[in-house]
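Notes follow once the structure below has been shown.
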Amino acid sequence: MSMKKVKIIEVKSEIGAGTRGASMGVDAIKIAALDYGSNLFHKIDTIEVATENKLLFESTGSPYAKRVKGVYTMYERVSNAVRTSLKNNEFPLVLAGDHSTAGATISGIRIAYPRQRLGVIWIDAHADLHSPWTTPSGNMHGMPLSAVLGEDNQSNKMNKPDKDTLEWWNKIKRIGNIYPKIDWSDLVYIGLRDVEPEESYLLKKHKVKIFSTNEVKRNGVEKIARDTLAHLSRCQLIYISFDVDSMDSSISKGTGTPVRNGITEKEAGSLLVRLIQNEKVCCFEVAEVNPTLDKENLMAENTFEILQRVVSQITY
């Protein structure tokens, strides 16, 4: 792997989630680092992106894209931070609260490299393919991939979002004037298992590559990683998004939407280490650690152990 200086980008935003507390995930991971006696956060440059979490004390606004204006502001800030980091020849390691801003991370990569084809590895229990037209909850952490795919899925619409909501949603989709940001064929899911019918329709329609938890267990991490990278061989760049709810709900309750039958923390760590060794990987993100739902900071500890293994693979 080429020499890269790692830059930690902290995004303590949780306005896209339905459960409170994900904004504290970054600090919970830092506490875990201290408990392990690690100086990881001391030796890596860190920047913190300003949040709009004050909006949590106000009305949610649109029922089909809650706090969408604030999410757009976060898209601008996060995409700018990621773009700047990449332009400085750094490896952005994004520690995020809720998953909504992952669409902003992807946007930042594309703004930095507008002519490069970007592959996305989405390690998550959920597909995050909703739009204001289909969302059952209105929470925008279920929409980041639709935003970068430019997908409204109106053929499966359940909602009637108002003009204002759609204006903000379209601004999010078109941030950086690149639309769409990624192609369906350049998306791979690992650990996906909790999918709504509207999302299933899109996954089938576009024949999206999915590796289930059972496939990870049956075939082993090495094969899953190899097949994932082979599927993305036409891409020049790869981004990895790791939602901690991809791990089994028995490991920890410390995330907003835990789901049974997930991968173990050992499988997650080994998989990420194997993937991150590929020189096309230009950015890695962790999201949805929520210590307020946890016991003894277990999720943050598991996540920190994985993070430590991942960072050791990126030379800095």
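None of the figures in this text is laboratory data; all of them are computed from the coordinates on show. Source: prediction; values computed, not measured. Here the Cβ positions follow ideal geometry from the backbone for every residue, glycine too, while neighbour counts run over all protein chains shown.
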- Scan Pro136, Pro144 and give me the residue that is in contact (Cβ under 8 Å) with a residue 40 or more places away in the chain and surrounded by fewer than 21 Cβ atoms within 10 Å (Cβ to Cβ). Pro136
- Item | Residue that is of a type outside the set (A, V, I, L, M), closer than 28 Å to Ser249 by Cα and either surrounded by fewer than 24 Cβ atoms within 10 Å (Cβ to Cβ) or touching a helix residue (DSSP H, G or I) at 6+ places or on another chain (Cβ under 6 Å) (or both), where the choices are Thr101, Thr84, Thr73 | Thr101
- If you scan the range 1-32, which residues turn out to be surrounded by fewer than 20 Cβ atoms within 10 Å (Cβ to Cβ) and either touching a Pro at 6+ places or on another chain (Cβ under 9 Å) or in a helix (DSSP H, G or I) (or both)? Met24, Asp27, Lys30, Ile31
- Task: Would you check if there is a residue in the range 299-312 being among the hydrophobic types (A, V, I, L, M, F, W, C) and not in a helix (DSSP H, G or I)?
- Result: no
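Select, from Ser107, Ser131, the only residue that is over 22 Å from Thr51 (Cβ atoms) and not in a strand (DSSP E or B). Don't jump to the end; show me each part of the working.
On the way: Ser107 fails: over 22 Å from Thr51 (Cβ atoms).
Sole residue among the options that is over 22 Å from Thr51 (Cβ atoms) and not in a strand (DSSP E or B): Ser131.
Here's the yes/no breakdown for (1) surrounded by fewer than 16 Cβ atoms within 10 Å (Cβ to Cβ); (2) touching a Ser or Thr at 6+ places or on another chain (Cβ under 8 Å):
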| site | (1), (2) |
| --- | --- |
| Arg174 | yes, no |
| Glu198 | no, yes |
| His206 | yes, yes |
| Lys223 | yes, no |
| Arg226 | yes, no |
| Leu232 | no, no |
| Tyr239 | no, yes |
| Ser246 | no, no |
- Message: Could you check the range 33-58 and list, in sequence order, the residues that are surrounded by fewer than 21 Cβ atoms within 10 Å (Cβ to Cβ), without any contact (Cβ under 8 Å) to a residue 60 or more places away in the chain and of a type in the set (S, T, N, Q)?
- Response: Asn39, Thr46, Asn53
- Task: Any chance you could count how many residues in the range 264-275 are surrounded by fewer than 24 Cβ atoms within 10 Å (Cβ to Cβ) and either of a type in the set (Phe, Trp, Tyr) or more than 11 Å from Leu229 (Cβ to Cβ) (or both)?
- Result: 7
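Every residue, every condition in (1) under 26 Å from Met143 (Cα atoms); (2) hydrophobic (A, V, I, L, M, F, W, C), yes or no:
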| site | (1), (2) |
| --- | --- |
| Ile15 | yes, yes |
| Ala28 | yes, yes |
| Ile31 | no, yes |
| Tyr36 | no, no |
| Asp45 | no, no |
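So, in the range 196-205, exactly how many residues are closer than 21 Å to Tyr239 by Cβ and either among the charged types (D, E, K, R) or not in a helix (DSSP H, G or I) (or both)? Talk me through it step by step, then tell me what you get.
Narrowing the range 196-205 to residues closer than 21 Å to Tyr239 by Cβ: 199, 202-203.
Imposing the further condition that a residue be either among the charged types (D, E, K, R) or not in a helix (DSSP H, G or I) (or both) reduces the set to 199.
Adding up the residues that qualify gives 1.
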- Message: Can you go through Glu279, Glu265 and tell me which one is in contact (Cβ under 8 Å) with a residue 24 or more places away in the chain, over 29 Å from Ser137 (Cβ atoms) and not aliphatic (A, V, I, L, M)?
- Response: Glu279
